[in-house]
Structure formats: C-alpha cells, structure tokens
Amino acid sequence: MNFWKNRSANLDHEIARHIELETQENIQAGMSPADARYAALRKFGNVSLAQEESREIWGWLWLGRLGQDLRYALRGLSRSPGFTVAALLSLLLGIGASTALFSVVYGVLIAPYPYAKPDEIWAPAVVRLDETPNNWHRYTSQEFQELRKLPAIAEAMATLPQRVLLKNENGPQDLFGILVTANAFHFLGVEPILGRTIQPFDISPSGDPQPVVVLSYQFWQSHFNANVDAIGKKLVLNDVPHTVIGVMPPRFVWWTSDAFWLPMPLHLPARESIHAIFRLHPGVTKAVAEQQLQQLNLRLAARNPQDFPHAAFRSRLLNYLDITVASGEMTSSLHLLLAAVGVLLLIACVNVANLQLARTTTRTREIAVRLSLGAGRPRLVRQLLTESVLLSLLGGLLGLLFAVGATHAIAALMPPDNVPAEARITVNIYVLLFSLAISVLTGILFGLTPALRCTRPNLADSLKDGSRGSVGSLRGQNTRRSLVTAEIALSVVLLAAASLSIRSFARLLFLDPGFQPQKALLMEVSLPPNQYSTRTQRNSFARNLLVAVQTLPGVQAAAIGNGSLPFGGPQSSYSIPGQPTLPDRRLIVSLVSSDYPRALGIPLKRGRGFTTEEIENGAHSVLINEAAAKLWINGRNPLGQTLNLDLLTAPTSAALLPAPGVTSAVTVVGIIGDTRNAGLRDATAPAVFLPYTLLAPPTRVLAVRTFREPSTVINAIRRSIRSLDSQIPIGRSMTLQEILGFETMQPRFNMALFTCFAALGLSLAALGIYSVISYDVAQRMQELSIRVALGAKRSDILALVLRMAANVTLLGLVIGLAGSFLLERMIRFEVFAAASFDLASLLAVALILSVVALLAAWWPARRAGGLNPIAALRYEK
C-alpha cells in the first residue's frame, strides 16, 4: 500500500514540477506570474485526466475508481437516510430469510450425513411390476451372504436393531442396540473419537460375536460422564458383560443416537431379517447391478416364496439418500419453502429496485450535468451499480445476523423425526458463500435497470431549471407502479401458500381420529426375553398387570395392546373362505384385551366384544374394524364369518410365541368403529383385533383411561409394575394427545414458515405501496395544490390518492390470485395434499392484502389531503 501511495505522490510531484517549469519559462518571456501559470495549465491540459491516464498505464486505475465510487456511494446513502433504511430493511428480510432457509436445506438435504460418499450407497428393493419402489427389501443372514457375493457389489454391510436390556446401578433400561456386520464402520467411513470400532476379528470362526460394544456419543456422556476411562469398562447387556471398545463422534448416529452398536452374529434365526446396503465396483452401472440382483431374488423367491410378492416382481436399487428421512415429507416442504423464500427475495429485490428507481430519477439533473461535461455512460452505470452492490452487501451483512437467529428458530420448529439425526443445521462456510453470492447478485439485479434508465435522459429537458426530467414522466410512473403490481402479485402467491398450509394444519387439528385421546395414557412394558421365554410367563405377567392397574384409584379402564398402538402394527396376509384370494393383500393385526375399545374410546358398531373367557383361553374370536368389514363382497355380513390369518401359523418374528395348536382360522364376533390407524393423514386400513393371549410378544403397551389427568396415576402404575417384577424396564409414558401432536408437527412447521414468509412478503409489499404512493404524491404536489386552490375538497384528494393505490392493488391481486390458482392446479405436493383453494380462502387472501394496502396508502393520502396550497406552490417555484 505504501508503494502505491509513494508512486501517486511522485506522479503528483512530477506534474507539479512540469507546470512550475513551464510557468517559469512564461515569466521569463515577459508574462505576469498569474498569466504565466494560467498559460502553463492551459498548455498542460486537464491535470486529473493526466493523472488517470498515467495510473491507467500502471494497470491499477480501477482500484482507485472503485475507492472513489465507494466513498461517493457512502456519502449518497448517508444523505438519503429514509431510502437507505427502507432498502436495508427490505434486503435484511429477503437475504436473511433466504440465507436461513439455505442453512436448513444444506444441513438436511445437501449434506445431511457424515458417512463416506453417501450418494454411492445403494439399498435393494423388490416390488411388483405395477408398484413404485420406495423402501428396501430385507434378507435373512444366509441370503445376505449370497447377496454380498454378487460380482457387481464391492462391499456390503447389514444392520439389525434389537431390544437390549441394560442393567446397572440405576435399574434396568430397555434400549435399542444396533447389531452391525463386522465391516460396518469401515463401510461408513467414520472413525471413533476414542478406542476402536468393531472389526472382523470380533467375530469368532464359529460366527459368534465377541462381547464388545461401541458407544454413541450421547450414551457415553449420559452413562460415563464423557470420561475417557470408559474404554475397557463393562456393560451388562442381556445379562452378559460387554467390554466398551470405542466411542463414536457426536454426529455418528447410525440407527441410534442414545445407545450403542454390537457385532452381528453370522448366523441369525431363520425368521430374522436384516437391512442390507452396499457399494458397487467402480465402473459398474446401476442397471447391471439390478440385473444381477433380479437373478438372485428369483432364486431366493423359489426357496422362500413367502418373503417375495406372489405376482411377478422386479428388483431395483435405491440410493440411500432417497430412502432415508431426508427424502420424506420434509424434503417436499423444504423444496416448497425454498421456492417461497425465493419469491420473498424477489419481492425484496423489486422493492429496492423501485426505491432505487425513484431515488435515481430524482438525480436526473445531476447525472445530466455530468454527462454534458463529458462523463461516459459506462462510468456512470458502474458508479450506480457500485452503490447498489454496496447497499446489497450491507443488507446481506445485516441479513446474515438475522439468519443466525432465524436458523436456530427454524431448526427448533422442525419435527425431529422428519430430519436426519446426523444433520447439523448451522451457518457454515458454504452458507456464508451463499449469502455473499446472493448479496452481489441481488445488488446487480435491483440496480441494473435503474442505472441504465437514469443514465439515458433527455439532456435538454433534464437541464431546465425546476424540471425533474423523467421523474414525473408517465413512463417512469408506469414502471414504478408495474413493479409494485409485481410485488403485490408475488405477495398474493405467498399468502395463498400460507392459506393452504393453515387449512392443512386446521384439518388435521380438528380431524376425528375415531378414538378419544383425552385422558388416555400409554406405557410400554418390555419383558426380558431370557426371564420370560415362554408364552405362559408373558401372558401371566400381562394378566396380573391388568388386574393391578384396573384396581388403582382414578383408573376408568385398562387394556393391553401391541407395541405400535394406536398407529400401525404387525401385518398379516389373509383369505376369506368363498372369496378369491388376492395376493399381497394384508390386514393390520392388534393383540388386545377385552377392555381395549373402552380404554381407547372406540365404539362397538355391531356384534359384541370379547368375553373374559375368550381372552383367558386364547379363543379364535376376533373383532374387526369397519374398513375390514367391507372386505366381504356383495354386502355379506361378516359377523360369524371365518377369516384366515397367516400370521397365526407363520409369525414374522421369532419373538412372537403362538399358542400351541393355533390355527389360522378365526371367527368374527364384533365390528368396532374405524380409527386412524395408519397416521392422521391416511385413510383407515383394514384391521383385525385378536385376544392378546393368542400370540405373546415380549413387548406390550398398557393403555389406561383415567377419570382425571393421566399424569396423576403414572407413579402408581409404575409402582404396580415394580411390585410384579422390579427388574422389568419401564418405557416412557405418553398420552394419546401427545402422540397425535407428533402427527401434526410437520403441518405445524409448514404453517409457521409459510405464514412467516407471507407476512414478510406482505410487509415488503406494503412498504412498496407506501413508497410509490408517497413518491407520486411528492411529485404531484403542484398539481394537487392547484386542485385544492380551485376548490377540491380534502375528501376528493384522499379519494384520488387512494384510487391510485387501489388500481395497483387490484391489478396485483387479480394476477396473484390467478397465478396461485393455476399453480395449485398444476402442481400437487404432499405438503398441501390435505387442502385446496375455495372461495373462503381466496376471499381471506384478498381481504388481508386489501387491508394492508389501504393502511400503507393511508398516510401519504392523508398527508396529501392536508396540504397547504400556498406553501406547496411556493415550494415548487
């Protein structure tokens, strides 16, 4: 920097010396000192031009000009505080919201996983020819060994979550331990922060795993207080001491965030299926791998037809990024929200462009003077663009500060189950680069048109005294009003999206789930498989538990259900005697006690409920819901009819213990009301309810209906369980209302963000309306003064100004509503699947926008109605 300062000083000294020598020669020729210097300067020419031409030869003139432009821009912005504040506020909201949402998109969609090359991980899928694959196919451990030998596969790993009983000084805990193949950590490419990971030598030659465990970061913190001495410690898992060999970093949460990973044995029970993923050899295409996978699956289907579709099927590879949480409903929401925030940024750009256009047109005389004195148009455009980009960078800096807080707020609103647990949502270097790029592009976008327009004035008109040049021209007014119309139309689109998200959320909030969630409590109870290894032991415990809980004060009803109550559950293929068997048709199966309908508040529609004897003896009597009753064709009454359930004779898991001599045939004795059993947004699936004594899984759900708030009986229920067996881990208790709350988290997130963005867009549109009306009032001050002087009333002036705002608002409203309606009809997203436009929503959007536009135009209209014509006319002179 000193080098260039010295060089500039030497140049100035050289020029001054040259002029001084020329002056001395003129004095010696007989001129007076003043005339001599004047003649020397005339002979030398423009000093500033000579300096610039010299610096241009050095090659660094642009840097000096940039410094000049920046200083000029800062002075100009400081002289227009109203414009600067309004523009910065617009940019702050637009760039800040865009940066915050990009932080979320980057963390959830672009780089959600810390694993090595997650886009090269593939999962196998098997579907019928008319189906679209959306989830992976599971294999047995023996089938997995055949899968990994396919020529196309370079490396494969498998995962199996299992319930593990942890015993320590704090009492028993029921956790999901994740069994992984010995190569899993190498496959995923993440190193531990302490110790080592599971290796092939942790599997003995016989296929049995060594008793070792790798801890998650959260488990290490909660159970070992983040002590580095945890390596080598023992954990008693399923009554077997396991040695801690490693701790994974915080972001490694493969299938669990609060438990641990165990080596998977080579030989699992025949009915146990595992999740397989793999990488392909370099150069092997997806199509080639799918052909090899199809041949393998055809061979496996011939051996185990029950594990594959009955009809013809096809094998497909699914990319890991497309089947994880990041590809679900949250992806659709974020894509739409990214489009919405893009609209918001565009509104901000249009708003600032309008403000910039109004401001630069007031400088038309100044620019005309500079052009008439020889300034080049490219130079002036560059200077005005420098001001625009500077303004945008300042707005981007403020927006970045806003984005930090907004990112945390958005992350807090996001449903945790719809976001990858590995995702880290924060403002990082990529977000900073995005913010910088969008700031520069925004500055060019909103600054280019005003710069080009104001540097092409009519010099003769612009240089006239008192003239505002093109400022008050019809073309200039139309341009500004067109920009405001575009702002309003874009705001309508955001308001329409917010309207749909609010309607979707309201629809779910007031949807009847078919059961009564008030005062209903669910508590999961898991029996240790080693201690409760027989069906009799499990059913005996469930029976004693019901007796103990039903007699507690405040309990109205208690029942046993299966683990996924009230949504989902194990599924079974079925057949109805006398009707054609349809392949791949399934029923949801629930294992319940006699008081199940009363505990959940489900009405009995026809027939009867279970008797105590049927539950005790494991009778082949069942209840069905109304959706299942429709499976009998030609309007046949299902009561008393037989239904064959394959699950009874071929359980899908070794943990299900069927009653001895059980058959697949069951008799329908009652029909209960439909409940939302596949999520609130999906139609009710056919379901059948069996006595819980027919099949005995190790995990049950206790459903309790209380007279008072459920929280008042939780401790009493826990004591009852402990009195039966103090070594049984008790899961978290939840009310049915809490469970329904999880179902509405994603719609609530959509509603909150779309509504927020719509409010920001509406605020920017209001600012645009206010600025244009205020500017038009200021430019038409002389006209309005003459009208008042000629007898126009205050109400006439108010009506005139408000009519200007109404025309702009109405046009923008019509364009925006038409665009929103067409967009909703053309593009159907699952985000808005529960709602559509109707007259009420359209009227609401129109009313909100009209009120905001009226309020934005009222202040300048009121100012115009109260002007003093004498003072205004004097001002115009």
Being farther than 26 Å from LEU398 by Cβ and more than 13 Å from the chain's Cα centre (by Cα) is the filter; apply it to segment 408-453 and report the residue that is modelled with the highest pLDDT.
GLU422
From the list SER533, SER526, which residue is open to solvent by less than 20 Å² (accessible area, probe 1.4 Å), modelled with pLDDT under 95 and hydroxyl-bearing (Ser, Thr, Tyr)?
SER526
For ARG722, state whether it is within 26 Å of VAL547 (Cβ to Cβ) and not in a helix (DSSP H, G or I).
no
Would you call PRO651 open to solvent by less than 50 Å² (accessible area, probe 1.4 Å) and free of Cβ contacts under 8 Å to residues at least 60 places away in the same chain?
no
Selection from segment 644-703 of residues in contact with a His (Cβ under 6 Å, 6 or more places away or on another chain) and part of a loop (DSSP other than H, G, I, E, B) yields none
Of (1) among the small types (Gly, Ala, Ser); (2) open to solvent by 40 Å² or more (accessible area, probe 1.4 Å); (3) at pLDDT 90 or above, SER726 satisfies all except one. Which?
(3)
Subset tally (residues that are loosely packed, with under 15 Cβ neighbours inside 10 Å and among the hydrophobic types (A, V, I, L, M, F, W, C)) for segment 211-248:
4
Is it true that VAL212 is hydrophobic (A, V, I, L, M, F, W, C) and within 30 Å of LEU280 (Cβ to Cβ)?
no
From the option list SER733, SER720, SER726, single residue qualifying as within 38 Å of the chain's Cα centre (by Cα) and of a type in the set (S, T, N, Q) is SER733
Do you know which residues across segment 589-615 are open to solvent by 80 Å² or more (accessible area, probe 1.4 Å) and not in a loop (DSSP other than H, G, I, E, B)?
ARG598, LEU604, LYS605, ARG606, THR612, GLU613
Log entry, pairs with first residue in segment 180-201 being surrounded by fewer than 15 Cβ atoms within 10 Å (Cβ to Cβ), second being aliphatic (A, V, I, L, M) and not in a strand (DSSP E or B), beta carbons closer than 6 Å, six or more apart or on different chains, reads GLY189/ALA116; PRO200/ALA182
Does GLY561 satisfy the criteria of being farther than 19 Å from ASN644 by Cβ, at pLDDT below 95 and among the small types (Gly, Ala, Ser)?
yes
Among the listed residues LEU521, LEU545, LEU494, identify the single one that is over 30 Å from LEU643 (Cα atoms), touching a Gly at 6+ places or on another chain (Cβ under 8 Å) and either basic (Lys, Arg) or modelled with pLDDT of 90 or more (or both).
LEU494
Unique residue being at pLDDT 95 or above and among the polar types (S, T, N, Q) when the list is THR256, THR243
THR243
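The values are calculated or read from the model by the stated rules, or taken from the named source; none is laboratory data. The shown structure was predicted, so the numbers you read here are calculated from the model rather than taken from an experiment. In this analysis, Cβ positions are derived from the backbone assuming ideal geometry, glycine residues included, and neighbour counts consider all displayed protein chains. Only protein heavy atoms, including side chains, enter the accessible area calculation; ligands, DNA and RNA are left aside. Shrake-Rupley method; radii C 1.70, N 1.55, O 1.52, S 1.80 Å.
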